[in-house]
Amino acid sequence: MKRVLTTCPYCGTGCNFYLMVDDGDKIIGVVPSTENVVNKGQLCIKGWNSFQFVQHPDRLTHPLVRRNGAFERISWEEAIRAVVGKLKDIQAAHGNDAIAFFSSAKTTNEENYLMMKLARAVFKTNNIDHCARLCHSSTVTGLTGAFGSGAMTNSISCVEEADVIFVIGSNTTEQHPLIGSRVIKAKRNGAKLVVADNRTIRLARMADVHIRHKNGTDVVLLNAMMQVIIAEGLENRTFIEARTESYDKLKDTVLNPKYSPERASLVTGVPADQIRQAARMIAQAPKAMIIYSMGITQHSHGVDNVRSCAHLAMLTGQIGISGTGVNPLRGQNNVQGACDMGGIPDVYTGYQAVTDPDVRKKFEAAWHVDRLPGQVGETVTTAINGAHEGKIKALYIMGENPMISDPDTRHVREALQNLDLLVVQDIFMTPTAELAHIVLPGVTYAEKDGTFTSTERRVQRVRKAIEPLGESRPDWRILCDVAREAGYPHMAYQDPRQVMEEINALTPSYGGITYDRIEKLGLQWPCPGPDHPGTPILHRDRFTKGRGAFMATEYRPSMELPDADYPFVLTTGRVFTQYHTGTMTRRTQLLEREEPEAFVEIHPQSAKDLGIRNGEPVFVFTRRGEVQAKARVTDVVPPGVLFMPFHFEEGSANVLTNNVLDPLAKIPEFKVCAANVRKSG
Ligand code: SF4
């Protein structure tokens, strides 16, 4: 029996465990690490079952090419030659920016770095992005503008040091179970809990204050809370004067009578006194922590929502010390790392801007290339739109599944079918891979070395426990093979450790994060040098950008609101036992058994009005399409609201969602669209 210490491939909490491997190279279980400071010997149900999909018979084990409408097995040499040949033809005919790359929040830092390098150094385009665009791009934009850094300001352990925890737009116990259990523990130890969520999620049931604001009205709620704080003299003047700028602009905005608790109550549906109560609790707490997630970010005004959270923290001085801060919980195992590695179109590693000539010079010298592109590239969402319009001709997707994860599936399908070349590198034949011209079999986290960066900015080791299945290859190796075939000799690495050494040299915030140093326990960036201990709490004495910026934010309603034809608000999210597009959890018996099919939550009154009974199939429809799901009649949702998880290919919620984008972050509005529902049959 072999024990291999590694990091959970599911949520961004970053739990560590040992994979137990028998002498037939079969993984037979996991044992949680007791030394790890995050999970301390615990795992959630996904962690305990995180090995079953690894050796699943559905795994892709050979490269495939589409010929005459069907996939045929080909050799790696043929596959790599075909990918590079077609990419070069498209580049020659349509220019560098006719090609786009999607890297992956599920793959390692080293692999995200290499795909970013492949896009920029080899194919000379900044069209590189990944699914952070769909979850926390508004966090990166909003918090970078306010603080200079777009990541969780504090550590997971800080949760238990807060006197007040304000959870807004995060179903923490379902999405980040071990962080959720810390919130519950803190509450049991005396912390006050304020939960702002239209659904009565588990944390809401134990909250001291449960704010059920209407979907999409966060800015009104937060501005009204800030008006109360200023009007009652509860703002932290010392902090504001010493640490921030543009406070007058914030004051002018939030003191407008339209954000009075009474007026805000009309928009949000929240009683004015409850707005006052929550505002006072946060402002008067010795230590108050804000936790948020995609309920805040996935809006056409996602950046405004994020900024408003940042404003509340700065207004009350609740940042820079333990038990406080603005804490976006990143959804996938390595979505933080994929952003850190420059898997986004405007920056290289460590958020170094592609538009900065000095930064480009540094990367040109290190990568031995003449001229790197200086204009910001396309995002996941704009690249799909570009493919639909015919501007993007080739898409190389590693470990992403836009056919399930992106809004308006019909639009996505049309876009992907419009491409001259779709390459999908993945571990299973996903609905996206089914549309590909060439499919490259990558490997799971258990078959390769590397690192993931968790939501608290902790870079941790991923270790190979078994040999790759069939002819599948580690993604880092496939990317290097593609680069070599394209005639670029500077992506020849022995192993991911060498890749990390290159990242260390080029990335100030990762400068001191070497494999030797994170052998037992990960380090939190920024960690600029070999002797630096890492940074559990950001912005202690000064913000990364110097002074924190108040960027006054006005309310903009969601883009598609209910009307006579579509009288419900549809909102989407996740469930505890499934993960993202379901490719891994749906191949895990126990997890699939718990939540095996698409459902739609509907309030008992709404169900009664429509004659819908609990458990019966219904059709949910919007202007984009229609899906069938099982009705779950529950007062978890308020009247007039429908909730669907997006994990399920059959009954896929994203057939219904609205492909409208935040103008800055380009994140889609997954959380609000107008919908209707009717009995099936
Ligand atoms: Fe894995 Fe997240 Fe569960 Fe930890 S909390 S075991 S990281 S899914």
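The values are calculated or read from the model by the stated rules, or taken from the named source; none is laboratory data. Just so you know, these numbers come straight off a predicted model, no measurement behind them. Note that each Cβ is placed from the backbone with ideal geometry, even for glycine, and that neighbours are counted across all protein chains shown.
Miscellaneous remarks
- Test: residue in the stretch 133-146 that is assigned to a loop (DSSP other than H, G, I, E, B), surrounded by fewer than 24 Cβ atoms within 10 Å (Cβ to Cβ) and not polar (S, T, N, Q): no
- Screening Ala204 against (1) closer than 19 Å to Arg263 by Cβ; (2) assigned to a helix (DSSP H, G or I) leaves a single unmet condition, (1).
- Residue match in the stretch 482-497 (condition: within 26 Å of Tyr351 (Cα to Cα), in contact with a Gly (Cβ under 7 Å, 6 or more places away or on another chain) and crowded, with 20+ Cβ neighbours inside 10 Å): yes
- Residues considered: Glu262, Glu241. Of these, the only one that is closer than 30 Å to Asp635 by Cα and either in a helix (DSSP H, G or I) or in contact (Cβ under 8 Å) with a residue 24 or more places away in the chain (or both) is Glu262.
- Inclusion of Lys2 among residues that are buried (at least 17 other Cβ atoms within 10 Å of the Cβ), more than 14 Å from the ligand (Cβ to nearest atom) and among the charged types (D, E, K, R) is not warranted.
- Taking the criterion of being within 16 Å of the ligand (Cβ to nearest atom) and either surrounded by fewer than 24 Cβ atoms within 10 Å (Cβ to Cβ) or assigned to a loop (DSSP other than H, G, I, E, B) (or both), the residues of the stretch 308-343 that qualify are Leu329, Arg330, Gly331, Asn333, Asn334.
- Selection from the stretch 444-460 of residues that are more than 14 Å from the ligand (Cβ to nearest atom), among the basic types (Lys, Arg) and on the phi < 0 side of the Ramachandran plot: Lys448
- Qualifying residue in the stretch 431-443 (condition: within 25 Å of Ala79 (Cα to Cα), touching a residue at least 12 places away in the same chain (Cβ under 8 Å), within 23 Å of the chain's Cα centre (by Cα) and surrounded by fewer than 24 Cβ atoms within 10 Å (Cβ to Cβ)): yes
- Of all residues in the stretch 201-222, those being over 16 Å from Thr268 (Cα atoms), away from the ligand (no atom under 16 Å from the Cβ) and not charged (D, E, K, R) number 4.
- Thr535 assigned by TED's automatic domain parsing to the domain that holds Ser103, within 25 Å of the chain's Cα centre (by Cα) and modelled with pLDDT of 95 or more: no
- In the stretch 588-616, the qualifying residues are those that are within 16 Å of the ligand (Cβ to nearest atom) and in contact with a Lys or Arg (Cβ under 9 Å, 6 or more places away or on another chain), and the one that is farthest from Asn333 (Cα to Cα) is Glu592.
- Residue match in the stretch 69-90 (condition: of a type in the set (S, T, N, Q) and either within 16 Å of the ligand (Cβ to nearest atom) or at pLDDT below 95 (or both)): no
- Count of residues meeting criterion [charged (D, E, K, R) and either surrounded by fewer than 16 Cβ atoms within 10 Å (Cβ to Cβ) or not assigned by TED's automatic domain parsing to the domain that holds Asp163 (or both)] in the stretch 246-279: 5
- Residue within the stretch 440-451 that is in a strand (DSSP E or B), in the same structural domain as Val83 (by TED's automatic domain parsing), within 27 Å of Phe123 (Cβ to Cβ) and polar (S, T, N, Q) present: yes
- When Lys185, Lys249 are checked against the criterion of being over 25 Å from the mean Cα position of the chain (by Cα) and within 16 Å of the ligand (Cβ to nearest atom), Lys185 stands alone in meeting it.
- Verdict on Ala552 being in contact (Cβ under 8 Å) with a residue 12 or more places away in the chain, assigned to a loop (DSSP other than H, G, I, E, B), within 28 Å of Gln298 (Cβ to Cβ) and aliphatic (A, V, I, L, M): yes
- Residue check for Asp346: of a type in the set (D, E, K, R), crowded, with 24+ Cβ neighbours inside 10 Å and within 22 Å of the chain's Cα centre (by Cα): no
- Per-region count, the stretch 418-430, residues crowded, with 24+ Cβ neighbours inside 10 Å, outside any strand (DSSP E or B) and not hydroxyl-bearing (Ser, Thr, Tyr): 1
- Residue that is nearest to the chain's Cα centre (by Cα) [pool: residues in the stretch 374-417 that are surrounded by fewer than 18 Cβ atoms within 10 Å (Cβ to Cβ) and in a loop (DSSP other than H, G, I, E, B)]: Val376
- Cβ-Cβ under 8 Å pairs, at least 6 apart or on other chains, the stretch 189-209 side within 11 Å of Phe166 (Cα to Cα), far side among the basic types (Lys, Arg) and assigned to a helix (DSSP H, G or I): Leu193/Lys187
- Residue selected from the stretch 27-61 under the condition without any contact (Cβ under 8 Å) to a residue 40 or more places away in the chain and away from the ligand (no atom under 15 Å from the Cβ), by the criterion nearest to Gly582 (Cα to Cα): Pro57
- Only residues that are over 18 Å from Lys106 (Cβ atoms) and either within 11 Å of the ligand (Cβ to nearest atom) or surrounded by fewer than 17 Cβ atoms within 10 Å (Cβ to Cβ) (or both) were counted across the stretch 5-26, and they come to 5.
- So Ala415, is it within 25 Å of Pro474 (Cβ to Cβ) and in the same structural domain as Lys464 (by TED's automatic domain parsing): no
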